[in-house]
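Working notes, structure below.
The values are calculated or read from the model by the stated rules, or taken from the named source; none is laboratory data. If you're wondering where the values come from, they're calculated on a predicted model, not measured in any experiment. FYI the Cβ positions are ideal-geometry reconstructions off the backbone, even for glycines, and counts take in every protein chain you see.
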């Protein structure tokens, strides 16, 4: 049976293009079309759809207002939103993900030729991911820390601190997290709950295009005890800081005489994604860290599995995978579990405490 899709967009041209793409795929059919958020909201409250494709900027009711209204009514809908590549577009997209949208896709700059074919392939891939996803409630965001974060290069962790966690030994440790579909919301249930005195730096590869990871880092930084930044070339890696791989770049960690530093790579896509967590994990094999805690979270595909498989023979590696029922898409964790790499399986709400127990505090 074909999956039913609702399309909400105020552009007649875009509606036609999207409907043609959807109906060309045997997995989907456009069930309804609306041209503004108000009509789209009413359609979602009245009918059931497997997935909704929604523009963000519309007359009468914009996309963010639609998402807020759905939250007020406790109506769970799998939504794929359109975004623009502007700074404002990235901020609106992050708002949409926080309000419950599952994923996003860029509107194409051109609707003809090869660019349209590329867009169609990406759009259908995202549509499938959203259609098979689960809508996972996230934890309430904690209040913003009332203390200063460590500045760039600082080695003193932020407070407040956790005193009940085990104290770390002298071993150098690092935490490396991989996430994809559903990841931006899921990370809100992990990073803000890590203590400011965590005894290890944290690396994150979240599959996102260029222009969006900086906004993700900024938002997580606002509500976390740890400092959260978008990784940059030659940035020193220190405890008390979370480094998010910038969209469109692979992130490695390299050891130099006086410490460890971020290196960004423009190599081709791997596992169909860029950044790719496999590269991040494999780079840890050549570093001076004694051990790594690798966390594989929600996402389509198998990114992370090959990287961890190559890391384990070289370094003491402990792998935590997100439990299936708390994943928006149980792909990446499933692959790691199937490969026999997972040492601990935890639901989303327990991941922060599991990380803290494994690396300790300073």
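General observations
- Residue match in the range 21-29 (condition: farther than 21 Å from residue 133 by Cα and touching a strand residue (DSSP E or B) at 6+ places or on another chain (Cβ under 8 Å)): no
- Residue 19, sole failed condition from (1) under 28 Å from the mean Cα position of the chain (by Cα); (2) not in a helix (DSSP H, G or I): (2)
- Residue 272 farther than 22 Å from residue 322 by Cα and surrounded by fewer than 21 Cβ atoms within 10 Å (Cβ to Cβ): no
- Residue 292 under 23 Å from residue 249 (Cα atoms) and either within 21 Å of the chain's Cα centre (by Cα) or buried (at least 24 other Cβ atoms within 10 Å of the Cβ) (or both): yes
- Tally, over the range 220-249, of residues that are in a helix (DSSP H, G or I) and surrounded by fewer than 21 Cβ atoms within 10 Å (Cβ to Cβ): 1
- Among (1) at positive phi; (2) within 15 Å of the chain's Cα centre (by Cα), the one test that residue 186 misses: (1)
- Within the range 42-68, tally of residues that are touching a helix residue (DSSP H, G or I) at 6+ places or on another chain (Cβ under 6 Å), in a helix (DSSP H, G or I) and within 19 Å of residue 4 (Cβ to Cβ): 1
- Residue 3 fulfils the conditions (1) surrounded by fewer than 22 Cβ atoms within 10 Å (Cβ to Cβ); (2) farther than 21 Å from residue 133 by Cβ; (3) touching a helix residue (DSSP H, G or I) at 6+ places or on another chain (Cβ under 6 Å) except for a single criterion, (2).
- The listed residues are 127, 194, 198, and the only one of them that is crowded, with 19+ Cβ neighbours inside 10 Å, at pLDDT 95 or above, farther than 19 Å from residue 241 by Cα and more than 14 Å from the chain's Cα centre (by Cα) turns out to be 127.
- Single unsatisfied condition, residue 176 versus (1) under 27 Å from residue 82 (Cβ atoms); (2) modelled with pLDDT of 95 or more; (3) not in a loop (DSSP other than H, G, I, E, B): (1)
- Among all residues of the range 338-345, there is none that is on the phi > 0 side of the Ramachandran plot, touching a strand residue (DSSP E or B) at 6+ places or on another chain (Cβ under 7 Å) and in the same structural domain as residue 208 (by TED's automatic domain parsing).
- Restricting 39, 29, 88 to residues that are in a helix (DSSP H, G or I) and either in the same structural domain as residue 211 (by TED's automatic domain parsing) or at pLDDT 95 or above (or both) narrows the list to 39.
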